[in-house]
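One structure is given here, and the rest of the page talks about it.
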Amino acid sequence: MFFAAFGYVLSDVCADSITVQLAQREPLEKRGKTQSCIYTVRTAMVIFGEILVAFFFNGEEYGGTFDFSLSFPQVMIIVTVLTLTVFPMTWYYIHEEKAQAADFRGYITDFWNLLFARHVPDHRVPLLRWDLCQHHVHG
């Protein structure tokens, strides 16, 4: 389950970045339709997953009151089949433009400068500095 959750978060972040990139290409009068469509589908599928778990994991073997239930492997098969249908769509319909890889050292330098810039709220920076110092001293 850890790897499934990690994979979900990783793919979600990548999908969000592609969604933002696509939204920036939309004409101004239509901008946001792609994002709202994608987030609507995502929310509908999250609701579907919650309903699936609520009804099929509410049997007596899970401490529920229903007289029917699915086993964990059966639910994972359902989720896997639904997930596998997305792979061909992403392979054929999502096209990214190749970009030059960012310089890691420059990226970290920019991040560090941004983190300690004057416009970063003052109440966050001391806490972060304290956390970094504590981890360095006690870690």
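Since every read-out is calculated from the coordinates, none of them should be taken as a lab result. These numbers were taken from a predicted model, which means no experiment stands behind them. A quick note on method: Cβ atoms are made from the backbone with ideal geometry, for glycine too, and the neighbour counts reach across all protein chains shown.
A few comments on the model shown:
- Proxy reagent accessibility, fewest Cβ within 10 Å first, across 83, 43: 43, 83
- Taking the average, over residues, of other Cβ atoms within 10 Å as the packing measure, peptides 73-80, 26-33 rank 73-80, 26-33 from highest down.
- Couplings 3J(HN,Hα) of the stretch 47-63, computed from phi: 4, 4, x, 5, 5, 4, 5, 4, 8, 8, 10, 10, x, 4, 5, 9, x Hz, in residue order, whole Hz [Karplus 6.51 cos²θ - 1.76 cosθ + 1.60, θ = phi - 60°; x for Gly and Pro].
- Packing, as the average of other Cβ atoms within 10 Å across residues, places the peptides 97-109, 5-17 in the order 5-17, 97-109, highest first.
- Summing charges over all other residues whose Cβ lies under 9 Å from the Cβ of residue 23, with Lys and Arg as +1 and Asp and Glu as -1, gives +2.
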